[in-house]
1. Going residue by residue through the range 81-93, is there one that turns out to be under 25 Å from C202 (Cα atoms), not assigned by TED's automatic domain parsing to the domain that holds L190 and not polar (S, T, N, Q)?
2. Right, G141: assigned to a loop (DSSP other than H, G, I, E, B) and either at positive phi or crowded, with 18+ Cβ neighbours inside 10 Å (or both) or not?
3. Is it the case, given these coordinates, that A106 is at pLDDT 95 or above, assigned to a loop (DSSP other than H, G, I, E, B), among the small types (G, A, S) and surrounded by 18 or more Cβ atoms within 10 Å (Cβ to Cβ)?
4. Do we find that L193 is assigned to a helix (DSSP H, G or I) and either in contact with a Leu (Cβ under 7 Å, 6 or more places away or on another chain) or crowded, with 20+ Cβ neighbours inside 10 Å (or both) in this structure?
5. When you look at V147, is it touching a Phe, Trp or Tyr at 6+ places or on another chain (Cβ under 9 Å) and assigned to a loop (DSSP other than H, G, I, E, B), yes or no?
6. Answer yes or no as to whether T22 is in a helix (DSSP H, G or I), in the same structural domain as L188 (by TED's automatic domain parsing) and either crowded, with 17+ Cβ neighbours inside 10 Å or under 20 Å from the mean Cα position of the chain (by Cα) (or both).
7. Which residues, taken from the range 117-131, are farther than 16 Å from R104 by Cα, free of Cβ contacts under 8 Å to residues at least 60 places away in the same chain and either among the aliphatic types (A, V, I, L, M) or part of a loop (DSSP other than H, G, I, E, B) (or both)?
Amino acid sequence: MENAAITSYTGPELRSPEQVHTIITELRRLYPDAMCSLNFSNSLELLVATQLSAQCTDERVNLVTAQLFKKYRTVEDYATAKQEVLEQDIRSTGFYRNKARNIRNACQRIITEFDGEVPCTMPDLLSLAGVARKTANVVLGNAFGIVEGFVVDTHVGRLSRRLGWTQQKDPVKVEQELMRIIPQQDWLDLSHLLIFHGRAICDARKPLCSQCTLAMLCPSATSLAKG
């Protein structure tokens with residue numbers, strides 16, 4: 001990554017189309033290969049992986065699913081799995097009891113209500129156990145190419161606040177604000193870009209503002225750097 005910062009910005013105030021466009025353009029330059037970090041080969045695997053990613057790193061999830069997806073290949077495999085066995089198979093992702101219960105219940109509902117196929121609409125996905133808007137948006141966008149909302153994880157929420165795009169902390173409210181100021185065609189890609197930048201530069205505790213090429217566009221850069 002280049003360290004040379006953007007030296008000037010003459011657009012209007014924060015949240016303006018110009019500011020948003022400039023940030024998106026720069027992030028695309030920095031992370032041309034940004035994409036979903038979870039490993040999956042179908043919608044079921046992505047659904048399970050995203051459920052496992054709650055309060056867990058994608059790296060850890062990928063380590064777990066490398067073996068999990070060999071053992072559980074269908075919704076029936078998860079739906080009929082013994083709770084205690086599935087718990088042990090996903091234990092290292094944390095909160096494994098709730099995650100195992102949600103995965104089993106979600107797959108049981110997929111069988112009874114959706115003919116064994118992971119649904120591809122927001123309302124239907126939200127009807128599954130353990131699925132909130134973040135998970136639904138991840139599955140819709142990355143497995144089905146359907147973009148109805150904006151994926152808001154901890155990185156996206158943090159960077160959105162630091163960039164002055166929102167003051168909200170609730171993920172649903174953050175998503176609503178981002179959907180108002182970000183062009184819809186950028187929703188899916190920008191969520192990946194913000195996640196990559198959050199991991200590489202805009203750390204929660206020690207953001208590398210001096211190395212950030214977005215510093216001149218970020219109202220938080222100066223105070224964070226000093227802090």
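1. no
2. no
3. No: the conditions fail for A106.
4. Yes: the conditions hold for L193.
5. When the stated conditions are applied, V147 passes them.
6. So T22 fits the description; yes.
7. Within the range 117-131, T121, M122 meet the criteria.
Quick grid of which residues meet (1) modelled with pLDDT under 95; (2) in contact with a helix residue (DSSP H, G or I) (Cβ under 8 Å, 6 or more places away or on another chain); (3) hydroxyl-bearing (S, T, Y); (4) surrounded by fewer than 20 Cβ atoms within 10 Å (Cβ to Cβ):
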{"site": "I146", "(1), (2), (3), (4)": "no, yes, no, yes"}
{"site": "V152", "(1), (2), (3), (4)": "no, yes, no, no"}
{"site": "G157", "(1), (2), (3), (4)": "no, yes, no, no"}
{"site": "R180", "(1), (2), (3), (4)": "no, no, no, yes"}
{"site": "D186", "(1), (2), (3), (4)": "no, yes, no, yes"}
{"site": "K206", "(1), (2), (3), (4)": "yes, no, no, yes"}
{"site": "S223", "(1), (2), (3), (4)": "yes, no, yes, yes"}
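The values are calculated or read from the model by the stated rules, or taken from the named source; none is laboratory data. Note that the structure is predicted; figures quoted are calculated from it, not measured. Note that each Cβ is placed from the backbone with ideal geometry, even for glycine, and that neighbours are counted across all protein chains shown.
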